[in-house]
Amino acid sequence: MKNDHLDVDRLKAELLGAITPHVPFEGWSEPAFRAAVADLGVDEALARIVCPRGAVDLAVEYHRAGDRAMEAAIAAADFTGMKFRDKIAAAVLLRLEAVDRELVSRGASVFALPQNAATGSKLIWETADRIWAALGDTSRDYNWYTKRMTLSAVYGATVLFWLGDDSEGGVETRAFLDRRIEGVMTFEKVKGKVLGLPFLKEMLGAVKAPEPADLPGRMGGAR
């Protein structure tokens, strides 16, 4: 494989496929990354070009692969007749179904490290953005931010609960998610009343959503 013909996306996908069998035992770690490189038989220098942070970059790719799988599942789902809060819950559950619990648990440990915390936060924001977009959100004002802020909090808390949920069929996770969404609905009601204040509405009128290339959580360009 020559550098001038390096297919970055393909090699990253191959590395991700090669590392996942090692993650349950080694975590998203340097030993797991090196094992994946050896299993794939690729030059380590090329692997480092694609993944400068090694396994951390593959943990990021695993998260984004889950987002893509969720988007496909949402596109194929029939949400006809569902309340919007139920659509959000269904989207979050589809996101959880798209990934392996052990791999996510290992990823949570990596993104909890101080040097990776910002990356983890951006990924959660990105997931919230993708959920809203998949559900047809077209807001471009301050609502763009508040929707993603509240859903990021709901999604992040739900993932942590799900990681420790051993209830049959994940019923406790669904109940937890419903409670978190109820809190969001309460927040939206309060927000609606507060925004009724003329001076505040005028102040927020200048707030606009960022251009697509500048979305928080968009690391490395296109999704």
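The values are calculated or read from the model by the stated rules, or taken from the named source; none is laboratory data. Keep in mind it's a predicted model, so treat the numbers as computed, not measured. Glycine gets a Cβ as well: all are built from the backbone with ideal geometry, and neighbour counts include every protein chain shown.
Applying the selection to region 54-109, what residues are outside any helix (DSSP H, G or I) and farther than 24 Å from Pro21 by Cβ? Steps first, answer last, please.
Start the filter on region 54-109 by keeping residues that are outside any helix (DSSP H, G or I), which leaves 54, 77-83, 98-100.
Matches in region 54-109: Ala77, Asp78, Phe79, Thr80, Gly81, Met82, Lys83.
If you check Thr146 against the conditions, is it assigned to a helix (DSSP H, G or I) and in contact with a Leu (Cβ under 6 Å, 6 or more places away or on another chain)?
On the way: assigned to a helix (DSSP H, G or I): yes; in contact with a Leu (Cβ under 6 Å, 6 or more places away or on another chain): no.
In short, no.
Those residues that are part of a helix (DSSP H, G or I) and hydrophobic (A, V, I, L, M, F, W, C), I need them from region 121-143; list them, please. It would help to see each step written out before you state the result.
Going through region 121-143, the residues part of a helix (DSSP H, G or I) turn out to be 121-134, 142-143.
Those that are part of a helix (DSSP H, G or I) and hydrophobic (A, V, I, L, M, F, W, C): Leu123, Ile124, Trp125, Ala128, Ile131, Trp132, Ala133, Ala134.
Any residue at all in region 178-190 that's part of a helix (DSSP H, G or I) and modelled with pLDDT under 60? Can you show your working first?
The first filter runs over region 178-190 and keeps only residues part of a helix (DSSP H, G or I), leaving 178-190.
Applying the additional criterion that residues be modelled with pLDDT under 60 yields 190.
Taking every residue of region 178-190 in turn, at least one turns out to be part of a helix (DSSP H, G or I) and modelled with pLDDT under 60.
Within region 156-163, is even one residue under 21 Å from Pro31 (Cα atoms), in a helix (DSSP H, G or I) and aliphatic (A, V, I, L, M)? Outline the logic, then answer.
First, pick out the residues of region 156-163 that are under 21 Å from Pro31 (Cα atoms): none.
Scanning region 156-163, I find no residue that is under 21 Å from Pro31 (Cα atoms), in a helix (DSSP H, G or I) and aliphatic (A, V, I, L, M), so the answer is no.
Pairs only if they're at least six apart or on different chains, beta carbon under 8 angstrom, first in region 133-156 and closer than 14 Å to Lys87 by Cβ and free of Cβ contacts under 8 Å to residues at least 60 places away in the same chain, second buried (at least 16 other Cβ atoms within 10 Å of the Cβ) and hydrophobic (A, V, I, L, M, F, W, C); list them, first residue then second.
Close Cβ pairs satisfying both conditions: Asp137/Trp144; Lys147/Ala128; Lys147/Trp132.
Taking only region 1-41 into account, find how many residues are modelled with pLDDT under 95 and over 22 Å from the mean Cα position of the chain (by Cα).
7
Each row is one residue, and each column tells you yes or no for (1) surrounded by fewer than 17 Cβ atoms within 10 Å (Cβ to Cβ); (2) touching a strand residue (DSSP E or B) at 6+ places or on another chain (Cβ under 7 Å); (3) within 30 Å of Ile181 (Cα to Cα); (4) free of Cβ contacts under 8 Å to residues at least 12 places away in the same chain.
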{"position": "Asp9", "(1), (2), (3), (4)": "yes, no, no, yes"}
{"position": "Val23", "(1), (2), (3), (4)": "no, no, no, no"}
{"position": "Ala36", "(1), (2), (3), (4)": "no, no, no, no"}
{"position": "Gly54", "(1), (2), (3), (4)": "no, no, no, no"}
{"position": "Asp57", "(1), (2), (3), (4)": "no, no, no, no"}
{"position": "Ala89", "(1), (2), (3), (4)": "no, no, yes, no"}
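Considering only residues that are under 12 Å from the mean Cα position of the chain (by Cα) and charged (D, E, K, R), look in region 114-160 and name the one that is modelled with the lowest pLDDT.
Here the answer is Arg148.
Quick one: is Thr80 over 15 Å from the mean Cα position of the chain (by Cα) and β-branched (Val, Ile, Thr)?
Values: over 15 Å from the mean Cα position of the chain (by Cα): yes; β-branched (Val, Ile, Thr): yes.
Taking the combined requirement at face value, the residue satisfies it.
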